[in-house]
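The next block holds one structure in the form of structure tokens; read it before the comments.
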Amino acid sequence: TDATWAVWNDATFLPVDLSVFGEHLAPVASAAPAPRAEDPAQPSRPQASSPDAFPAGADADAAQGQPGLDDPAELLAWAESQAGADRVAAARAYVAAANAYRAVGRLQAAGFAHAEAAMLASAEGDDEGARAQFASAASLLRGAATPARFFAPVVRAWARRAEVTQLPEIDRLAESLIGELIEEELPDGLSDDILERERAARAVQARRLADTRVRVAATLGDPTAPERAETIAEEFARAGEYADAAYAFWLLGMLRTDDVDAVYALESATEAFTLAHLQEPRREVGGELVAVLKRLGRADEAEKWAVELSGNA
């Protein structure tokens, strides 16, 4: 301990600015013109089923052969083409594209560009910048009446990075989108196969938004969170969505204050991770299960789980 403190006290600390966005690329503050008519079934940006689905890009101000700064399509395409080059520059390019889209009334396209920028900022450690970009994205996507199935992944990605003060808004958005997913009528003329796939896709999004709402409730200390976590975990399991079920049961295990109740949740999470072929989180939640069993004096069960977990390492 003394040696550690000695090194620590002799260390030199350098200020590091993790901010990704400069003032010249801040979101446009003035009211945007009315959006042009966009086909609600075709989002201006591709749907992202997970945070990693957002593409990367590069900085329109810094690179050679930069596109026209007033052409949003060029900015967007150029940013996407620079996927692995520079995430900071990419995020700025997406904000520039978002501002350009807003200037011509393309609110939905602008919203998705802000979401792209948010994901890149988060990857670079600029959580504050990411939260601001997500907030801009959500506002624009809601204003553009973006279909819930395309809006939902943005809300879920924002929730994972939001600060506490943003959570009530995220909860309201998620609740509204769940209602839209359930109630929105499907277009006429679709084949039975397509209708079935569309219903299934919307049901998946609704379950994941419900899971997001549970996590928001847990963070805010809502006493109904454990019961809701158990409900959504079992829904995921019945649907065969084992990875989502595993994480929901894990959350339930963390919310249960009684060790006996926690055992069921942690066992279910461990088994679901097995079915989902996710070994790292399985080992981690399994370790928590072993610890709980030991606290309960159930040494034989703890040993059995320990052996099984080590055997599948």
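The values are calculated or read from the model by the stated rules, or taken from the named source; none is laboratory data. Remember, it's a predicted structure, so these values are computed and weren't measured experimentally. Every residue, glycine as well, gets a Cβ built from its backbone with ideal geometry; the counts of neighbours run over all protein chains shown. Protein only, heavy atoms only, side chains kept; ligands, DNA and RNA dropped before computing areas. Shrake-Rupley method; radii C 1.70, N 1.55, O 1.52, S 1.80 Å.
Toward the positive end of the charge dipole of segment 183-313, with +1 on the Cβ of Lys and Arg and -1 on the Cβ of Asp and Glu, the farthest Cα among LEU309, LEU266, TYR247 is that of LEU309. Neighbours of GLU227 by Cβ distance under 15 Å: Lys/Arg scored +1, Asp/Glu scored -1, total -3.
In whole angstrom, how far apart do the alpha carbon centroids of segment 239-256 and segment 175-189 sit? Rounded to whole Å, the Cα centres lie 26 Å apart.
Please compute the length gained on full extension between ARG160 and LEU278, using 0.36 nm multiplied by the number of residues separating them and subtracting their Cα-Cα distance. So the chain would gain 40.5 nm between ARG160 and LEU278.
Backbone N atoms of segment 84-99 closer than 17 Å to the 7 Å Cα→Cβ label point of GLU74 belong to residues 93-99. With both labels modelled 7 Å from their Cα along Cα-to-Cβ, the LEU195 to ASP258 distance reads 4.6 nm.
Hey, any idea what % of segment 242-313's accessible area is carbon plus sulfur with a 1.4 Å probe? Taking all protein chains in place, segment 242-313 shows 53 percent carbon and sulfur surface. Note on ASP10 and ALA85: their simple-model spin labels are 4.4 nm apart, each label 7 Å out from Cα toward Cβ. Relative contact order of segment 74-128, taken over Cα pairs closer than 8 Å and 6 or more residues apart, is 35 percent.
Looking at segment 233-313, the accessible area is 53 square angstrom per residue; that uses a 1.4 Å probe and ignores ligands, DNA and RNA.
Dipole magnitude for segment 120-234: computed about the Cα centre from +1 point charges on Lys and Arg Cβ and -1 point charges on Asp and Glu Cβ, it is near 240 debye. Counting charges near GLU163 (Lys, Arg +1; Asp, Glu -1) among other residues having Cβ under 15 Å from its Cβ returns a value of -1. Over all other residues within a Cβ to Cβ distance under 13 Å of ALA239, the charged ones net out to 0, with Lys and Arg as +1 and Asp and Glu as -1.
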